[in-house]
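Quick note: the coordinates plus some simple rules give every number you see, no bench work behind them. What you see is a predicted model, and the numbers here were worked out from it, not measured in a lab. When we count neighbours, we look across all protein chains shown, and the Cβ atoms used for this are built from the backbone with ideal geometry, even at glycine.
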Amino acid sequence: MHKEKVAIIGFGYIGTVIGAVLADKGFDIYGIDTSQYIIDSIKSGKSPYNEPGLDELIAIYTKNGRLKISHDASIIKDCSVYIITVGTPLSDDFTADMSQIHNAIKSILPYLSNDALLILKSTVPPFTTSDYIASIVEATGLNVKLAFCPERMAEGNAIKDFMTIPVVVGGINDESTDAAAEFWRCALNVEIISVDNSTVAEFVKLADNLWIDLNIALANELAKLADKMSVDVLQVIYAANSLPKGSSNVNILTPSVGVGGYCLTKDPWFVQHFGNQYDLKLFLPKTGRIINDSMPYYSDMLIDDILKKKVYSAVTVHLNLPHFRLQYFAKSS
């Protein structure tokens with residue numbers, strides 16, 4: 001399957017990492033994006049994003065012609081694999097803004113071929129792939145294999161994550177699941193977790209990010225309480241995480257000034273809204289968001305209090321705020 005032509009629709013952070021890594025794995029990559037800045041950056045051999053190792057890969061594969069990008073969708077006309085990685089922002093009503101998904105699908109329809117593989121990696125509400133996207137693709141009359149494979153990489157470690165973390169695959173039918181699984185197995189040689197259908201795979205992404213957001217919310221609540229008690233919350237968490245539970249240990253994450261990243265601040269709201277659609281009153285997604293959204297203000301109050309009291313520790317990496325260490329603010333900013 002190497003040297004197969006792969007189209008990547010949406011060369012944002014995720015699309016750029018995927019394109020650069022797959023080019024490094026021997027695939028011919030054809031990307032399309034609407035941002036002239038991104039296009040100009042890639043064509044000049046530079047990454048539009050600050051991600052370790054990404055500049056080097058882009059420089060190599062734009063130079064040798066294996067990685068190409070354009071705003072003109074006709075560049076993808078001879079591809080057999082299509083990967084959609086456009087954004088799904090949070091709308092004012094806390095639903096997913098699907099406009100970029102819609103535009104991406106419409107832009108590639110004229111170039112889809114029979115037996116093509118279409119993979120959606122954009123985070124979407126459940127049933128998006130099986131209902132919304134499948135209905136558009138099926139109207140072409142082509143036998144397009146369609147699957148959802150959630151993006152699971154973290155900024156700062158994205159290339160390694162993409163190349164090592166198991167890939168979850170869920171198709172609209174068994175043929176689609178098998179085709180997507182075989183593609184990723186050949187491309188990355190990683191563990192493949194095939195699930196029943198695309199809806200399960202979509203839910204996996206939301207479950208992952210909801211867990212992370214809630215875990216950080218737990219850490220932040222513990223930090224607030226520990227601060228009142230004059231207890232070092234980092235010691236509490238370190239010791240608590242030594243308890244074996246299930247197949248691993250308790251794993252409370254680190255408190256911070258909030259939650260960063262594109263997905264964590266919106267995906268729990270997708271879950272909350274989806275519960276509302278089923279007349280199910282969910283408490284955790286909204287609660288986690290409220291807690292984590294409160295942390296920038298809370299952290300600012302801590303810093304302001306310290307400065308007013310003129311409580312200074314040595315200005316080093318071990319500069320201490322009450323039971324928070326500065327290094328953790330730096331990591332999460």
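Quick notes
- In the chain, helices alone account for a calculated mean residue ellipticity at 222 nm of -14500 deg cm²/dmol, with every DSSP H run of four or more residues adding -39,500 (n - 2.57).
- What you get for the stretch 5-196, charging only the Cβ of Lys and Arg (+1) and of Asp and Glu (-1), is a dipole of about 640 debye around the Cα centre.
- Remark: for residue pairs LYS5/LYS68; LYS160/LYS266; LYS106/LYS205, the C-alpha separation exceeds 18 Å in LYS160/LYS266; LYS106/LYS205.
- The modelled label-to-label distance between LEU142 and GLN235, using points 7 Å beyond Cα along the C-beta direction, is 6.3 nm.
- The stretch 5-196 shape via C-alpha gyration tensor axes, a/c threshold 1.5: rounded
- In degrees, nearest ten, helix 284-309 long axis to first principal axis of the chain (Cα): 50
- Net length gained if the chain between LYS43 and TYR297 were fully extended (0.36 nm per residue, minus Cα distance): 87.3 nm
- When every Cα-Cα distance of the chain is counted in 10 angstrom steps from zero, the calculated P(r) takes the values 5, 23, 29, 23, 14, 5, 1, 0 percent.
- Helix 198-229 and the longest principal axis of the Cα set of the chain meet at an angle near 10°.
- Distance between the 7 Å Cα→Cβ label points at GLU182 and HIS102: 3.5 nm.
- Global geometry of the stretch 142-260, whether rounded, prolate or oblate, following the gyration tensor of its Cα atoms and the 1.5 cut on a/c: prolate
- The 3J(HN,Hα) values that the Karplus relation (6.51, -1.76, 1.60; θ = phi - 60°) gives for the stretch 241-247 are, in residue order, 6, 8, 7, x, 8, x, 8 Hz. Gly and Pro appear as x.
- Gyration tensor verdict on the stretch 2-63 (Cα atoms; rounded if a/c is under 1.5, prolate if a/b is larger than b/c, oblate otherwise): oblate
- Placing a label point 7 Å from the Cα of SER113 along the Cα-to-Cβ direction, the residues of the stretch 67-102 whose backbone N falls under 11 Å from that point are 77-81.
- Between the helical axis of 174-188 and the longest alpha-carbon principal axis of the chain there is an angle of about 70 degrees.
- Residues whose placed amide H lies under 5 Å from that of LEU118, excluding near-sequence neighbours: TYR82, LYS145, LEU146, ALA147
- Most to least packed among 177-189, 155-167, 227-239 [average Cβ atoms within 10 Å]: 177-189, 155-167, 227-239
- For the chain, the share of DSSP beta bridges that are antiparallel, to the nearest 5, is 25%.
- The residue list ILE212, LEU117, ILE105 was ranked by how far each Cα lies along the charge dipole of the chain toward its positive end, using unit charges on Cβ atoms, and ILE212 comes out on top.
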